[in-house]
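I have placed the structure first, in the form of structure tokens, so that the comments after it can refer back to it.
The numbers here are math on the coordinates, done by the rules we state, and not lab data. Every value quoted in this text rests on a predicted model; they were computed, and no experiment measured them. Cβ atoms come from the backbone with ideal geometry, glycine included; neighbour counts cover every protein chain shown.
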Amino acid sequence: MTQETLLTGQVLSFARSPFEGDPTAATVVTEAVLIRDGRIAATGRAADLRAAHPQAELVSHGQRVILAGFVDPHVHYPQTAMIASWGKRLIDWLNHYTFPQEMRFADPAHAADLAARYLDLTAAEGTTTMCSFCTIHPASVEAFFTEAQARGQRVVAGKTCMDRNAPEGLRDTAQSAYDDSKALLEKWHGVDRISYAITPRFSPTSTPEQLAAMGALWAEHPDCLMQTHLSEQTDEIAWVRELFPQARDYLDTYEAFGLLGANGVYGHAIHLEPREKDRLRELDAALVHCPTSNTFIGSGLFDMAGLMAAGHRIGLATDTGGGSSFSMLRTMAAAYEIAHLRHHSLHAAQLLWLATVGSARALRMDDKIGNIAPGMEADLVVLDLASTPAIAQREAEAEDLWEAIFPTIMMGDDRAVAEVWIGGRRVKS
Ligand code: GUN
Ligand code: ZN
């Protein structure tokens, strides 16, 4: 007989985007969610679902909030062990900390160890899907997909391609990047819950020949996502201008080589020119806001309000380990703070939407994950809104759900993540 599980609590889902009209009116709160065969079978009143499914295992969460699992659309799992490295801005940070760390992934055993460590750490934070850069080593992709597959987890990742401005031992070629990416894509894309993303690191570390090879591969597999970095720091943009003197702007270094499209996922996107914004919007490419990274590396203040109002598709990400946290709660807090520096107050419903539906939309997976509705995959997080004394004493003063949840967004960590379900299986309790 099919196993059913009934979770009760405050089940929070989104009927529409909270960036259109009253944010709270975009949400729906019900009492229970029924899981069957790894998917959400129903939501509704606890008594009704209990009566209709008396054989279901009951997991009662009282006043805890049950949400779709967090979706993190821009991470570097190989940077797990170098998170919070001190004192450098982007290019020096890459050369000094990142590249030596990524060199270690030549060893498949190291890659396997770090893939498992990263997925353990993020599961504890309630992140159930992520889109990760790997390293230039195909074994780094194998390790990540093998570990995610064993956990039944929906993930996206790709071999990071670099054929210049990186040290010996961390460079591929245009041809090998194409061949290795293609082989990995053909082996893994669409297997279980795994998707491949074509992954040129960023324009400065690829020759025009390599960018063209990546563009050709994307043209052969247009259903794949393509992930890269765009306009993160002003020094980086100046360097791109030197390296590509013929390009109109940073985005043009991708556009000219077939690396701009509707399935493109562009990390950071802070210092955009008007033409770049127009073109990204016109093609409905996704932008990913990485707030803890943007403050930690000193990159700048993403224009959430302006870009949302213009109709961009936007996700919210940790950017581990340029970002200073594995936690999407901490990331929402940083997004709130950055928006506030730009004189815009993001509502708790908007922050939660960005970390779930918005990020799933950025990955074009919002038909499968990121929300709680019948037919969606059963990736869930259960939040304890009184996880520490400091949060509990503030939550006790709250007059509604939004005031109760905001202290957990601003001050919460893995202790607030009471339970996590991936594909209908409990992975944290
Ligand atoms: N730009 C190119 N590579 C990276 C990276 O690993 N992290 C960040 N934050 N930016 C990048
Ligand atoms: Zn990144």
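Write down the radius of gyration of segment 307-372 and its Dmax, each obtained from C-alpha positions, in Å.
Spelled out, the Cα radius of gyration and Dmax of segment 307-372 are 12.0, 34 Å.
Restricting things to alpha carbons, find the Rg to Rh ratio for segment 274-429 using the Kirkwood radius for Rh.
On the way: Rg = 16.2 Å, Rh = 16.5 Å.
Rg divided by Rh gives 0.98.
As a footprinting exposure proxy, order Ser359, Ser231, Ser429 by other Cβ within 10 Å, with the fewest listed first. Let's see the in-between values first.
On the way: Ser359 31, Ser231 24, Ser429 9.
Ordered from fewest to most neighbouring Cβ atoms within 10 Å, Ser359, Ser231, Ser429 come out as Ser429, Ser231, Ser359.
Just for the Cα atoms in the chain, what are the lengths along the principal axes, largest first, rounded to whole Å?
Result, largest extent first: 65, 50, 39 Å.
Taking the Cα centre of each part, how many Å lie between segment 263-311 and segment 219-262?
Distance between centres, Cα-based: 13 Å.
Run the numbers on the chain and let me know its relative contact order in percent, using alpha-carbon pairs under 8 Å that are six or more apart.
19
Can you tell which of Leu380, Leu67, Leu185 shows the greatest fluctuation in a Gaussian network model of the chain with Cα springs below 10 Å?
Per the Cα network of the chain with a 10 Å cutoff, Leu185 tops the list.
Hey, got a sec? Which GluC sites (Glu not before Pro) in segment 159-268 land in a DSSP loop and have at most 10 other Cβ atoms within 10 Å?
Values: sites: Glu168, Glu186, Glu209, Glu220, Glu232, Glu236, Glu242, Glu255; in loops: Glu168, Glu232.
Those satisfying the criteria are Glu168.
List the longest stretch of the chain that has no exposed loop site; here a site is one of the trypsin sites (Lys or Arg not before Pro) assigned by DSSP to anything other than H, G, I, E or B, with at most 14 other Cβ within 10 Å.
249-341
Among the chymotrypsin sites (Phe, Trp or Tyr not before Pro) within segment 72-123, which fall in a DSSP loop and have no more than 12 other Cβ atoms within 10 Å of their own Cβ?
Loop-located and lightly packed - Trp86.
Please sort by residue number the chymotrypsin sites (Phe, Trp or Tyr not before Pro) in segment 12-72 whose DSSP state is loop and whose Cβ has at most 13 other Cβ atoms within 10 Å. Let's see the in-between values first.
Values: sites: Phe14, Phe19, Phe70; in loops: Phe19.
Of the chymotrypsin sites (Phe, Trp or Tyr not before Pro), not one in the loops of segment 12-72 has a Cβ with at most 13 other Cβ atoms within 10 Å.
For Lys368, list the lysines whose Cα falls under 30 Å from its own Cα; do not include residues on the same chain fewer than 8 positions away.
Partners within reach: Lys159, Lys182, Lys187, Lys277, Lys428.
Gap in Å between the Cα centre of segment 383-429 and the Cα centre of segment 181-202?
Cα centroid to Cα centroid, the span is 35 Å.
What is the Cα convex hull volume of segment 192-312 when expressed per residue in Å³?
Value for segment 192-312: 114 Å³ per residue.
Net charge near Ile91: determine it from the other residues with C-beta under 11 Å of the C-beta of Ile91, scoring Lys and Arg +1 and Asp and Glu -1.
It works out to a net charge of -2.
Sort out for me the Cα centre separation of segment 110-178 from segment 39-83, rounded to whole Å.
Using only Cα atoms, the two centres lie 26 Å from each other.
Share of Cα-Cα pairs in segment 193-249 beyond 17 Å, in percent?
44
Give me the net charge for the shell around Ser325: Cβ to Cβ below 15 angstrom, other residues only, Lys and Arg +1, Asp and Glu -1.
-4
When the dipole is taken about the Cα centre of the chain, and only Lys, Arg (+1) and Asp, Glu (-1) are charged at their Cβ, what size is it in debye, to the nearest 20?
Roughly 340 debye for the chain.
How long are the semi-axes of the equivalent ellipsoid of segment 1-114, defined as square roots of 5 times the Cα gyration tensor eigenvalues? Whole Å, largest first.
43, 22, 11
At Ala84 and Asp48, where each label point lies 7 Å from the Cα along Cα→Cβ, what is the point-to-point distance in nanometres?
That separation, rounded to one decimal, is 4.6 nm.
Working only with C-alpha atoms, what are the Rg and Dmax values of segment 68-205, expressed in angstrom?
Answer for segment 68-205, Rg first and Dmax second: 14.3, 42 Å.
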